[in-house]
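In what follows, a structure is listed as C-alpha cells, so that the remarks can point back to it.
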Amino acid sequence: MAQAMQYRADIDGLRSLAIGPIVLFHAGFPLFSGGFVGVDIFFVISGYLITSIIAKEIANGQFDLWRFYERRIRRIFPALIVMLLVCSVAGWLLLFPLDLQAFGQSMVASTGFVANISFWLQSGYFDTASDLKPLLHTWSLAVEEQFYLFFPLVLLMAARNNRDPRVIVWIILLLSFALSLVGVSRNPDASFYLIPTRAWELLIGSVLALKAVPAVSNRTARQGLALLGLALIAVPVFVYTNQTPFPGLSALWPCLGSALIIWTGGVQRSPTWVARLLMQPAVVLVGLLSYSLYLWHWPIMVFSHHWFLEEPDGWSKIVLVLASLLAAFASWVLVEKPARHHATGLSRRLVFGLAGGAALVCIGIGVVFWQNGFIHRYPASLQRLLQTHDIQTKGFVGLQATVNGQTRDGLPQGGFVVGETAQQPQLAIWGDSHVGAILNGIGEAAKPAQAPAISVFALGGCRPIIDVYLAYEASTACHDHNRAVLSYLLKGPERKVVLVSRWPISLFGDVRATGKGDGQASLALKPARGLDEAQAIEAFARNLGRTIDALTQSGKEVIVVETIVDLPLDVPHLVFKTLLREPETAQITRDVSAYRERFLEVEQLFDRMQGQHRFERIRLRDSLCVQWQCLLYRKGQQGEILYTDNNHLSASGSAMLAPLFRGVLP
C-alpha cells in the first residue's frame, strides 16, 4: 500500500476560510458580499489533496483507478444521498408544483453529478430566482467529480508514456484559464458553471502537489507570502459583489491566495503565523465539518425562504447559520465519519452496489417529481389558480424567447413584429424583459379592433439606453443591441416608440425590504465597471436623454412606461401561501411604503428630464397601488395573480393596464 499522505491541520483550517464566507454570504450578511469565492478555495484545496494522493500512488506503482473511485464514493456519496432524500421530503411538503418539478430535475442532475450542466442550461433572465432552488449548490460538486473522471487518466497516461505530468498540467491550466477569461465576457453563465472554464482552479492545487513550483525555504519569505495569501482571500470576500464578473480574472486572486497558504504551510517546517491561526482547534473543527456544512446550509436557507418568503432579519440569519452548523455536525458524526472510517470492511463491490442503489432511488424520486408536480396536494380552488399561473408563466417565457412574432428583414437581431404582421408597423416597443410583461395589456387595449403591427425589441436585463453597459457583465451585448435598435428606428416606419424597463434597478440595484435597493446599480459606462448611485443617476439621465432626443429629432413620438412596483419577495408564492391559510381572501395587497423612495426618486428624475426632453409618460404605479398598498391578487371569477415573480406582470396584471395603453396605439 502507498504511504498515506501526511495530515495537515492547516489545510482543514483553510477549509474553514472557504466555508465560513460561503455560509455567511448565503445567509445574507452584507459584509461578506464576496463570500462566494469560498467555492474557489475549495477547488484549489481539492486539486492539491487529490493530486497528492494520485501522484504518490502512481510513483509507487500502486494506483488503482477503481480504488480511487471507491474512495470518492465513500467521501462524497453518503452525506449527499442523505441530504437529497431529506430535501425530497421537504420539497414535497413545501414546494408548489412548478418548483417541485424543477427540484425533481435538479435532483436527477445532482445525483448524476451533472448539476452544473443542468443549471447552466436553465440559466438566464427568466430562470427561477437562485434563492428558491434547494440544490443549486450541487453545481460545484459536479465540477469536482467531472474533473476527477478525466484527471487521473491524464496522470496515468503521462506516467505510462514517461512524460512529465507537470508540463501537461501547466498546459491544461493555462488553456482553461484563457477560456475563463474569454468566457466571462462572451458567455458568463457557461463560464461560471462548466468544467472547461473552472478546471484551472483545481489545477492550481495540482501544480503545488506535483511540486511544479519550488519550495520556499526562507522563513521570512514564507511569512510574507502566507500573509499575502490571506489578504488575497480576504479582499475578494469583503469587496466582491454579485455584480463582479466571475470567474475569469476575479477568481484568480482567491485561488492564488489559497495556493500561497498551502505552499507556505505544512507541519514539517516551523508553521507560519497564518498556519498557526488555521491550526487552532475551533478553526480545524469547522474545516472538518465543511463538506457537510456546504451540503446542508443552502437547502436550510432555501426551504426557510419558501416557508417564510420574507428576507430574514439579523436574528433570523443567525438562527439559519446555527441550524446549518447543527445539521452539519449531525451529518458529520452520523453519516460522514461512519462511511469513511467505520465501514472499511465493506467490499468494493458492495460499496458500488449500495451507491448505485441509492443513486437509483434518488433518480427515481427526482424523475417522478420532474414529471408530476402533484398539484392534487392542494384544494380544488388553489389547483385552478396554480394551473392558470403556470400557463401564464410559461406563456410569458415563451413570448420572451420568440416574442410570439415573425422575424422581418431589416430588423436587428432579436427584433420581431407582432400583431397584424402584414402591415407596416407604426409602433415600436423597446426595452428589457418588461416588454413581454406589457404586451398582453397592449393587446387588450386593441380589442375589439385587430391588433396593429408592432415592432418589438427586447433583451433581458438591458435598458433601452444608448452607450451604456451592464455592471455585472464584461459583455458588450447590451450596448451593441441598443445601438442596432436605435439605428434601425431612426430610419424605420414606426411613428411611436415606447420605452419599457425596470428602471430602478439601473440606479439602485435589486429591490430590498427597506431602502432603495442593494446599492449595486446595474448601469455602467464601461463593461463590468459599477457606478455609485450619484454616477448612475447622472449617466442614466444623460444617456436616456440622448436616446430620446435622437428618436424625437427623427420625427418619432416617444412614450416612457414607468416601472411597476417590484417587491422583495416572490409574489405568486406569497399569494399561494396566503390562500392556503385563507382560501376565501378577496384580494391580497402589499404595503411597500418602507421602500417607496426607490420609485419616487425615479419618478422625480423623469419629472426633471421632461423639462429638457420631449416625451410622454405612462405611470403604472397608480393603477396597481393606492397609498403604497399594491394589489398582488384579486379573486374575480377564477382568481388572478398579477405578477409572475417579484417584478414582471402576469398576463392578468398586464391586462389591468389596458386603459393606459389605448392612447399609445396608432
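Among the residues that make up the range 582-590, is at least one of them out of contact with any Leu (no Cβ under 8 Å at 6 or more places or on another chain) and among the basic types (Lys, Arg)?
Checking the range 582-590: not a single residue is out of contact with any Leu (no Cβ under 8 Å at 6 or more places or on another chain) and among the basic types (Lys, Arg).
Looking at (1) assigned to a helix (DSSP H, G or I); (2) closer than 30 Å to Arg8 by Cα, which is the only condition Val367 fails? Of the numbered conditions (1) assigned to a helix (DSSP H, G or I); (2) closer than 30 Å to Arg8 by Cα, the odd one out for Val367 is (2). For Leu256, the conditions (1) surrounded by fewer than 24 Cβ atoms within 10 Å (Cβ to Cβ); (2) aliphatic (A, V, I, L, M); (3) at pLDDT below 95; (4) more than 30 Å from Phe103 (Cβ to Cβ) are fulfilled apart from (3).
Checking the structure you have, find out if any residue of the range 492-513 is among the hydroxyl-bearing types (Ser, Thr, Tyr), surrounded by fewer than 20 Cβ atoms within 10 Å (Cβ to Cβ) and within 18 Å of Leu459 (Cβ to Cβ). Scanning the range 492-513, I find no residue that is among the hydroxyl-bearing types (Ser, Thr, Tyr), surrounded by fewer than 20 Cβ atoms within 10 Å (Cβ to Cβ) and within 18 Å of Leu459 (Cβ to Cβ), so the answer is no. Candidates in the range 50-60 are the residues that are within 17 Å of Leu153 (Cβ to Cβ) and of a type in the set (Gly, Ala, Ser); of these, the one that is farthest from the chain's Cα centre (by Cα) is Ala59.
Let's see how each residue does on (1) out of contact with any Lys or Arg (no Cβ under 9 Å at 6 or more places or on another chain); (2) outside the structural domain of Val435 (by TED's automatic domain parsing):
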{"position": "Gly611", "(1), (2)": "yes, no"}
{"position": "Phe615", "(1), (2)": "yes, no"}
{"position": "Tyr633", "(1), (2)": "yes, yes"}
{"position": "Glu640", "(1), (2)": "no, yes"}
{"position": "Tyr643", "(1), (2)": "yes, yes"}
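Every residue, every condition in (1) in a helix (DSSP H, G or I); (2) touching a Gly at 6+ places or on another chain (Cβ under 6 Å); (3) closer than 23 Å to Asp570 by Cα, yes or no:
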position	(1), (2), (3)
Tyr291	yes, no, no
Leu295	yes, no, no
Phe303	yes, no, yes
Glu310	no, no, yes
Ser316	yes, no, yes
Leu320	yes, no, yes
Leu326	yes, no, no
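Looking at the range 288-309, can you tell me whether even one residue there is under 24 Å from Thr51 (Cβ atoms), touching a residue at least 12 places away in the same chain (Cβ under 8 Å) and surrounded by fewer than 23 Cβ atoms within 10 Å (Cβ to Cβ)? So far as the range 288-309 goes, yes, one or more of its residues are under 24 Å from Thr51 (Cβ atoms), touching a residue at least 12 places away in the same chain (Cβ under 8 Å) and surrounded by fewer than 23 Cβ atoms within 10 Å (Cβ to Cβ).
When you check Met157 against the structure, is it outside any loop (DSSP other than H, G, I, E, B) and surrounded by fewer than 20 Cβ atoms within 10 Å (Cβ to Cβ), yes or no?
yes
The set of residues in the range 618-666 being in contact with a Phe, Trp or Tyr (Cβ under 8 Å, 6 or more places away or on another chain), under 19 Å from Leu439 (Cβ atoms) and not acidic (Asp, Glu) consists of Ile618, Ile641, Leu642, Thr644, His648, Leu649, Ser650, Ala651, Gly653.
Residue-wise test of (1) modelled with pLDDT of 95 or more; (2) in contact with an Asp or Glu (Cβ under 8 Å, 6 or more places away or on another chain); (3) crowded, with 23+ Cβ neighbours inside 10 Å.
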residue	(1), (2), (3)
Gly38	yes, no, yes
Ser46	yes, yes, no
Ile54	no, no, yes
Glu57	no, yes, no
Leu65	no, no, no
Ile76	no, yes, no
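When every residue of the range 578-587 is checked against the conditions, at least one turns out to be more than 27 Å from the chain's Cα centre (by Cα) and crowded, with 18+ Cβ neighbours inside 10 Å. Annotation for the range 521-531: no member residue is without any contact (Cβ under 8 Å) to a residue 40 or more places away in the chain and farther than 23 Å from Leu489 by Cβ. For Leu600, the stated conditions do not hold, so it cannot be described as farther than 14 Å from Asn646 by Cα, buried (at least 19 other Cβ atoms within 10 Å of the Cβ) and either of a type in the set (A, V, I, L, M) or under 34 Å from the mean Cα position of the chain (by Cα) (or both).
If the requirement is being at pLDDT 70 or above and either surrounded by fewer than 17 Cβ atoms within 10 Å (Cβ to Cβ) or under 20 Å from Ala655 (Cα atoms) (or both), which of these qualifies: Ala422, Ala446, Ala401, Ala451?
Residue meeting the stated conditions: Ala446.
For Gly519, the test of being surrounded by 19 or more Cβ atoms within 10 Å (Cβ to Cβ), part of a loop (DSSP other than H, G, I, E, B) and not aromatic (Phe, Trp, Tyr) is failed. Residues in the range 231-253 that are surrounded by fewer than 15 Cβ atoms within 10 Å (Cβ to Cβ) and touching a residue at least 40 places away in the same chain (Cβ under 8 Å): Phe238, Val239, Leu249. Only helices (runs of 4 or more DSSP H) whose full extent lies in the range 1-111 are considered here, and the ones with at least 3 residues that are in the same structural domain as Asp164 (by TED's automatic domain parsing), closer than 27 Å to Gly265 by Cα and of a type in the set (Val, Ile, Thr) are 9-27, 38-59.
Out of (1) closer than 30 Å to Gly419 by Cβ; (2) surrounded by fewer than 21 Cβ atoms within 10 Å (Cβ to Cβ); (3) under 23 Å from the mean Cα position of the chain (by Cα); (4) among the small types (Gly, Ala, Ser), the odd one out for Ser487 is which? Every listed condition holds for Ser487 apart from (3). Restricting the first member to the range 587-615 and to residues that are closer than 30 Å to Arg634 by Cα, and the second to residues that are of a type in the set (Ser, Thr, Tyr) and surrounded by fewer than 18 Cβ atoms within 10 Å (Cβ to Cβ), the beta-carbon pairs closer than 9 Å and six or more apart or on different chains are Ile588/Thr578; Ala594/Thr514; Tyr595/Thr514. Residues of the range 78-113 that are among the hydrophobic types (A, V, I, L, M, F, W, C), buried (at least 18 other Cβ atoms within 10 Å of the Cβ) and closer than 29 Å to Ser347 by Cβ: Ala79, Leu80, Ile81, Val82, Met83, Leu84, Met107, Val108, Phe113.
The values are calculated or read from the model by the stated rules, or taken from the named source; none is laboratory data. This one's a predicted model, so the numbers in the text were calculated from it and none came from an experiment. Here Cβ is always computed from backbone atoms with ideal geometry, including for glycine, and neighbour counts include all displayed protein chains.
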